[in-house]
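Have a look at the structure below before the remarks.
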């Protein structure tokens, strides 16, 4: 994986899926940073979980509950089994670990900690290079 995958993830006009590792039948895992910018990634993750008939794991690295950000999606996709995780570690190691059992990891292209001039958020970029499963990078509309 290299600069082409990163460039497509940054400039693609639709979600970009980078196929890494072995495909397995596992849950869809979505990284949630609780900002409104994470909604497109959450929506994409719900769509993929519903289409594949697999559970969704929504993970947030921090201390706040996911209920507010997830409530509308839970109503829209009542048939998707959802596990909400709040982990006390950095997002990259947490998502890499969850990716070990995932069929797909979903993240936004930039998180809340993005610096002006960064091409792609650090979490998205790290997952493109190191995830043990396919990664979908979803840009805001």
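We did not get these values from a lab; they are worked out from the coordinates using the rules stated. As the structure is a prediction and not an experimental result, all values here were calculated from the model. We place every Cβ from the backbone using ideal geometry, glycine too, and count neighbours over all the protein chains shown.
What to note about this one:
- The set of residues in segment 27-54 that are within 14 Å of residue 102 (Cβ to Cβ) and more than 14 Å from the chain's Cα centre (by Cα) comprises 52, 54.
- Failed item in (1) under 17 Å from residue 134 (Cβ atoms); (2) surrounded by 19 or more Cβ atoms within 10 Å (Cβ to Cβ), with residue 97 passing the rest: (2)
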